[in-house]
1. Residues in the range 103-144 that are within 13 Å of the chain's Cα centre (by Cα) and more than 14 Å from residue 54 (Cβ to Cβ): how many?
2. Tell me, yes or no, whether the range 79-102 has at least one residue that is modelled with pLDDT of 95 or more and in contact with a Ser or Thr (Cβ under 7 Å, 6 or more places away or on another chain).
3. Are any residues in the range 127-163 open to solvent by 80 Å² or more (accessible area, probe 1.4 Å), in a strand (DSSP E or B) and closer than 17 Å to residue 95 by Cβ, and if so, which ones?
4. Among the numbered criteria (1) in a helix (DSSP H, G or I); (2) at pLDDT below 90, which single criterion is violated by residue 115?
5. Restricting to helices (runs of 4 or more DSSP H) lying wholly in the range 31-110: which have 3 or more residues that are surrounded by fewer than 13 Cβ atoms within 10 Å (Cβ to Cβ) and free of Cβ contacts under 8 Å to residues at least 60 places away in the same chain?
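The values are calculated or read from the model by the stated rules, or taken from the named source; none is laboratory data. Since we're looking at a predicted model, the values are computed, not measured. For neighbour counting, all protein chains shown are included, and Cβ atoms are generated from backbone atoms with ideal geometry for every residue, glycine included. Heavy atoms of the whole protein, side chains included, go into the accessibility calculation; ligands, DNA and RNA do not. Shrake-Rupley method; radii C 1.70, N 1.55, O 1.52, S 1.80 Å.
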Amino acid sequence: MLVIDTLMDPPLQEAIKNNRAPAFKFLMENGMYFSDMVSPFPTMSVNVDTTILTGTYCNDHHLPGLVWFNIKENRLINYGSHIRELWKLGLSRSLEDILFHMNGNHISKGVKTIHEELEDKGKESASINALVYRGNTPHSYKLPKLLTWFTSIHKDRSTLGAKVFTYGSFKKISLSKRYWS
């Protein structure tokens, strides 16, 4: 499954018609394509991605948006609206929320992601640079030294993600042909 933020059907069809999107044409002809998807509301990446990956809406998965108030913790959660806001809330706390708490604590334990479901069935999945990546496989972030110097975040931290997992430039992976067949 590919999720391409803000790509709409009419411009994609135009690009395919003009032979400017051969990879998309191949994927559409050899897979499944849904042109009439309806986005959950609010249409912010963490809510939409979590809805797609869990098959539930935010009242079930508990990520209502990019910025929200966590009643249990009595604080504002911000997954990256703007650096000014992250700085005001505290860079360390904001990065902890983005890198660890979103997937580890904030997504309801009462729902499963597609990565968790597939791994429970003995299948593998991949999460490449996605904000929402929760799975069953332990991974270790290798955070850049500069980031750990300016925050209270420890250099090597673990998280649970898809079997194949990379997040930004924090961890490099190489994908063998077996993931593309």
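1. Counting residues in the range 103-144 that are within 13 Å of the chain's Cα centre (by Cα) and more than 14 Å from residue 54 (Cβ to Cβ) gives 4.
2. No, the range 79-102 contains no residue that is modelled with pLDDT of 95 or more and in contact with a Ser or Thr (Cβ under 7 Å, 6 or more places away or on another chain).
3. Within the range 127-163, the first condition is being open to solvent by 80 Å² or more (accessible area, probe 1.4 Å), and the residues that meet it are 128-129, 138, 142, 145-146, 149-150, 152, 154-156, 158, 160, 163.
Now narrow it down to the ones that are in a strand (DSSP E or B): 128, 138, 142, 156, 158, 160.
142, 156, 158 - these are the residues of the range 127-163 that are open to solvent by 80 Å² or more (accessible area, probe 1.4 Å), in a strand (DSSP E or B) and closer than 17 Å to residue 95 by Cβ.
4. (2)
5. Numbers: elements: 45-54, 58-61, 83-89, 91-96.
Here the list reads 83-89.
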